[in-house]
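*Asks:* Got a structure for you, written out below as structure tokens; questions coming shortly.
The values are calculated or read from the model by the stated rules, or taken from the named source; none is laboratory data. Because the structure is predicted, anything quoted here is derived from the model rather than measured. Glycine gets a Cβ as well: all are built from the backbone with ideal geometry, and neighbour counts include every protein chain shown.
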Amino acid sequence: MRSNTILPSERQLPRLFLILLVAVLALAGWQWRHGAPLSANLMELVPGSTPNALEQQAEQRMQEPLNREMLVLVGHTDRQQAVAVARQLGERWQASSLFEKVQWNLQADLPALREQLLRGRLAMLSAKDRAQLIEHPDAFIQQRVQALFDPFTGFSLVPSQEDWLGLTGRIQNSQPQRGAVQLDIGSGALIADADGKSWVLLRARTTGNAFDMHLPLRVADLLQASRAEADAQGAQLLAASGLLYAANGQQQATREITWVGGGATVGILLLLLLAFRRWRVLLAFVPVLVGMLFGAVACVALFGHMHVMTLVLGSSLIGVAVDYPLHYLSKSWSLQPWRSWPALRLTLPGLSLSLATSCIGYLALAWTPFPALTQIAVFSAAGLVGAYLSAVCLLPALLNGVELRPAHWPLRIAERLWQLRAALLKRVPSAVLLALVLLFCAGGLWQLNTKNDIRQWIGAPPQLLQEAQAVARITGFQPTSQFFLVRAPDQPQLLERLDTLGQRLDQLVNTGKLQGYLALNQLVSRPAEQQQVRDALNRLPQHWQPLLDLGVPASALQAEIAQLQALPTEDIDAALAGPLAEPWRTLWLGPVDGGVAAMVSLQGLNNPALLHAQAADLPGVQLVDRLGDLNRVFAATQISAAELKLLSCGLIVLLLIMPFGVGGALRIVALPLLAALCSLASLGWLGQPLTLFSLFGLLLVTAISVDYAILMREQIGGAAVSLLGTLLAALTTWLSFGLLAVSSTPAVSNFGLSVSLGLAFSFMLAPWAGQQKHAL
Amino acid sequence: MKLITFLGALLLSLQAQAFDLQQLSDQLAKPSVIHGSFTQEKHLRALPQPLVSKGTFVLAKDHGLLWLLKTPLQQDYRISAQGIARRDANGWQLLPNKSAGAEQNRLFLAVLQGDSSGLQRDFELQLQGEATQWKLTLIPRSLLLKQVFTRINIEGGALVQTIELLETQGDSTVLRMQDSTADQPLSDAEQHDFAQ
């Protein structure tokens, strides 16, 4: 029989494919020459809507400490013990070579501080003190006299004879409070008291950032070891850092790839062995491996690297890729004797259609503004092409000569299911069933609610979050992700704009809606204001009699005024040079596009909506609210995802009109859509929210399950055999996607859940695809 | 060389004589309320004569210190566990807890109340003399503190009599406490002041 022989073209195919495979392997080898091109940077996964380079630069600047710094609190009921443990920890960490700098005590450089204070007497004077000097010079002098007698003012850095007017003391006292942390003058440690314990603050700055693949894990290990050590000494450690989230995310991803990938692999191999009872049938896994290889190579080629999240979600491809060989393997129940090449020939049109529909479904994901999904789409589409090619070109050659004698029990199960369906249909007609299904859908959709939040991307364990909250509460450091970006043509105008913004923010601070903020105008005043101080100082001799009465020599005061007049006007760069400017340094972006720019960072924000109002009518002031923007993008994307879904369905219909006609094509596409609707309703009934990810999952399932409808409609080898083929395909796919549902990242588990539901409904609805009248 | 041997011998003999820090602490911690007046001299390096101010104080073991400046200007201060407060037209105002200043005030209370354990943490303590007339010298241990004080000298008998703070910059402050008495309890007004 002609159909049982091997065509000449079929002899060529394996060779050609092997050449391609070797080429791709070589490319992969080249891509991995510097180690694994993997990335764990979460921000790469979310839409990069940043329109200009400056905003991006500002954002990086604000995030840098989050990704490189770790705040640790060492707590002990005894202050001295806390300091001792912190000292020990600091020394150990410094020696670990993981950190660039570990700081547990303040080594204040007093001479440098003094120098900066003296030099900045005009420029660094706070607005309040400046106003008093200009408007109430008598009161200004009176306060100075009082301060000279005050035994409790604390030590001033600059001795009186160098600063008779006490300007440096005022500058020192107007520095913004930095949280609840206080300097322990004995040890130099920074200590906060809370919960009956003294907490010593330790800051560590790592050599690399959180997106390094190895560093976060090593830092987390070190922290864990230190925690145990501190425990032994009765001390408690609290830590907060973006690094810990990264470490946790990596561990989690590794665990999940192992579970999802491993679980799916073992399950599918077992299924293959049980159903087909031949060791060589395990070769059906070759397309899966080839698919993974193609996916990874395409991803790295297009994006330069692959994200770990792509790997986690991509590992679900295993279940889809194995469907191609299953297509013709399952023909062994009806086609006896089964031979690989003829079986392939028989199923090739269906296989090709299946590849096309799945690719359409995956590539629809690529048009969403989510780089994460674009990566997954590319990975999956390339993977499917690889799997298809190996299933079509290579696998039949590998299975050549194998005679499949599959177990009978799967077919009996399928037959039993088919009979059950027939019995059901006898009592309840399809139309009534449809009405019931629609009722079920309506009820579920009624209860469905949506939820979109960037936090779904992060499966952070509660312990990490609690610790970070405790650190924020104890230290009072509560950095917010929002910040203001302020631009102006030159420095004086920039400071003026910062002043205007500052006045509004002060109101928020006074009403308790904002804990505090940091802006350059707190550090240095405008040149015009510095000139006002000079003028006011010139008038001061009329008011300084009380100082002369104390015995301060008039010549000393005269000399000081002369010295102050001679101080040069300070600009932002000069003000940032001294040690006092350390907290402000990151805020200065310097000259950009013909102007200058700076940031205003915020602390302890209750209501982000209030911030938008602050910047609304201020020229050059812009609120950068990445989280808020992202959440808005999420919500907007949900709508575009639904449109994409419809569009992809339209494309699939067009594709299917050729083989199945308009009616058939519509019917084949309607079933997955109905399945998607049922899944949505189930989410509602289960009380699960509809997220962007569940929607993406459904988008995908539509594409995959079109395949089932095609299989059922073609009915090659009879209804029961087709149902069995569908069941096997659905089972393998479910084995890989369903396992995603156990992921601890809400986004991933949501995706897995909706795909699982979609698959179940698609399988149940597939028999309604009708029967194709075969011309042959 | 001779001096060192002499000092060594002195220290040894002091130990033998057995008026030690613990006894001083106990002695100073005994009275629950001390009333007295003070003279404060601030010696600024560049001024020919010191800035002298006078007033009265109340040291209550369980509450803290009231420091009432009378001349040449009037100003009331209170140091307690909550921090340092200054009285203005609206009553007591807690001053912002400037870290270094707050720490200095903690020291001040520790000195007056003879809390040697609190002092020993940050200073090396040297005690000379006997219960009726002693001198305690505090030398800062930490680098940070050394940049502020060179030394603090405290002298007294039953109660603290003078405190001399020698700053690294060359300025110094001398507090003389006179007519201290441990006999009077807190007056209603004083209790009220501590309570707020």
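Residue by residue, here is whether (1) within 21 Å of A:MET124 (Cβ to Cβ); (2) in a strand (DSSP E or B); (3) more than 36 Å from the chain's Cα centre (by Cα) holds:
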position: A:LEU540; (1), (2), (3): yes, no, yes
position: A:GLN563; (1), (2), (3): yes, no, yes
position: A:GLY590; (1), (2), (3): yes, yes, no
position: A:LEU602; (1), (2), (3): no, yes, no
position: A:GLN614; (1), (2), (3): no, no, no
position: A:VAL633; (1), (2), (3): no, no, no
position: A:SER640; (1), (2), (3): no, no, no
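*Asks:* Taking the condition touching a Phe, Trp or Tyr at 6+ places or on another chain (Cβ under 8 Å), more than 7 Å from chain A (Cβ to nearest Cβ) and either farther than 24 Å from B:GLY170 by Cβ or modelled with pLDDT of 85 or more (or both), does B:ARG106 pass?
*Replies:* So B:ARG106 fails the test.
*Asks:* Out of the residues in the stretch B:29-51 that are facing another protein chain (nearest Cβ under 10 Å) and surrounded by fewer than 15 Cβ atoms within 10 Å (Cβ to Cβ), which is farthest from the chain's Cα centre (by Cα)?
*Replies:* B:PRO48
*Asks:* Give the residue, chosen from A:LEU723, A:LEU753, that is surrounded by 23 or more Cβ atoms within 10 Å (Cβ to Cβ) and more than 28 Å from A:PRO659 (Cβ to Cβ).
*Replies:* A:LEU753
*Asks:* In the stretch A:557-568, what count of residues is obtained for those that are loosely packed, with under 15 Cβ neighbours inside 10 Å and touching a residue at least 40 places away in the same chain (Cβ under 8 Å)?
*Replies:* 0
*Asks:* Would you pick out the residues in the stretch A:363-372 that are surrounded by 21 or more Cβ atoms within 10 Å (Cβ to Cβ) and touching a Phe, Trp or Tyr at 6+ places or on another chain (Cβ under 9 Å)?
*Replies:* Correct list: A:LEU365, A:THR368, A:PHE370, A:ALA372.
*Asks:* Next question. Return the residue satisfying two criteria in turn: it lies in the stretch B:128-150 and is within 7 Å of chain A (Cβ to nearest Cβ) and within 17 Å of the chain's Cα centre (by Cα), and of such residues it is surrounded by the fewest Cβ atoms within 10 Å (Cβ to Cβ).
*Replies:* B:VAL148
*Asks:* Consider the stretch A:518-555. How many of its residues are in contact with a Phe, Trp or Tyr (Cβ under 6 Å, 6 or more places away or on another chain) and within 14 Å of chain B (Cβ to nearest Cβ)?
*Replies:* Looking only at that region, the number is 1.
*Asks:* Related question: Which one of these does B:TYR77 not meet: (1) within 14 Å of another protein chain (Cβ to nearest Cβ); (2) under 22 Å from B:GLY156 (Cα atoms); (3) aromatic (Phe, Trp, Tyr)?
*Replies:* Against the list (1) within 14 Å of another protein chain (Cβ to nearest Cβ); (2) under 22 Å from B:GLY156 (Cα atoms); (3) aromatic (Phe, Trp, Tyr), B:TYR77 comes up short only on (2).
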